[in-house]
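Heads up: the structure comes next, in structure tokens.
The values are calculated or read from the model by the stated rules, or taken from the named source; none is laboratory data. Remember, predicted model here, so these are calculated numbers, not experimental data. The area values use the complete protein model at the heavy-atom level, side chains included, leaving out ligands, DNA and RNA. Shrake-Rupley method; radii C 1.70, N 1.55, O 1.52, S 1.80 Å.
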Amino acid sequence: MRNPPAEPTLIHYLTQPPWLSLRFLAVWLRNLRVWRKLMIPSLLGNFGEPVLYLLALGYGLGQLVGEIEGMTYMVFLGSGIICSSAMTGATFEALYSAYTRLTMQQTWAAMLAAPMNVDDIVLGEIVWAATKALINSTAILIVAASLGLVADLRALLVLPVIGLAGLCFAAIAMIVTAISKSYDFFLYYFTLVLTPMLLLSGVFFPLESLPGAVSAGAMFLPLAHVVLLVRPLMTGGVPDAAMLHLLVIASYAVSAYWIATALARRRLIR
């Protein structure tokens, strides 16, 4: 009797590049239509906590800290909060919401019954999560501008940076979603990856204040590069080595999308 063919390994899927098509827009549009029904509570939930951090730490701790890098702590923190909001907004959407559609609601399975493949679904989910991150960060940018924390119109250049950052963090989170067996698995990602990245990327204090080895290691984190781009744009400056920072963020986004697609194929294709 002939043995049944072996299932493709992860290496097999990794060697197959993601197949890009405009069908991912159908996934994005579906998620947008669902989100519109819950738009107000969703915005309040994702927007309220970063603004609370900004006001509480900016006004409270700022009185004790004084100036940092030639700016008030409120201004320094405002740019960092916009970056962290993009990270958390994209991550929560690509983790909890995408996992719910994958497992509990079986939305992904229904989509695969249509003229659509796994690559389309993964890309659609990532782009939608990046869109959510951009919406949240734009709202916080408006608040920051109303508080006088924005120097000039150069701050509008923050939005494409945030959009790219949203793609990066959503793609990384999608890797976790593709391998998770339950919601509890996400706690490892938050504890071991997201929280250290939030604390070590210059959101709340300058990277120069960290020990040399830690500061150098922080440059391997995508959030640090997002902060180094956004903070000068919001404070009237010009980012140093802007192309390098953009290249690092884009490299994370593309690599994570490739890996997430391979993992999702292995999970869903039988």
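Couple of notes before you dig in:
- Correct choice for Kirkwood radius over Cα pairs in Å that was computed from the model, options (i) 20.1; (ii) 19.5; (iii) 18.1: (ii)
- Per residue, the convex hull spanned by the alpha carbons of the stretch 95-237 comes to 128 Å³.
- Among the protein heavy atoms of the stretch 192-270, carbon and sulfur supply 76% of the accessible surface, probe 1.4 Å, non-protein parts ignored.
- For the stretch 196-204, backbone phi angles converted through the Karplus equation (6.51, -1.76, 1.60; θ = phi - 60°) give residue-by-residue couplings of x, 5, 5, 7, 10, 10, x, 6, 9 Hz, Gly and Pro being listed as x.
- For residue 68, the residues whose amide H sits under 5 Å from its own are 73, ignoring neighbours fewer than 5 places away on the same chain, with H placed 1.01 Å from N.
- For the stretch 3-141, convex hull of alpha carbons as volume per residue, Å³: 170 Å³
- Residues in the stretch 57-182 average 36 Å² of solvent-accessible surface per residue, probe 1.4 Å, ligands and nucleic acids excluded.
- Integer Hz, Karplus 6.51/-1.76/1.60 couplings in order for the stretch 181-188, x for Gly and Pro: 9, 7, 5, 4, 4, 5, 4, 5
- The chain - mean residue ellipticity at 222 nm from DSSP helices (-39,500 (n - 2.57) per run, n ≥ 4, rounded to 500): -20500 deg cm²/dmol
- Applying a length cut-off of 15 Å (Cα extent along the axis) and a mean Kyte-Doolittle floor of 0.5 to the DSSP H helices of the chain leaves 39-55, 73-92, 118-146, 158-179, 222-234, 242-268.
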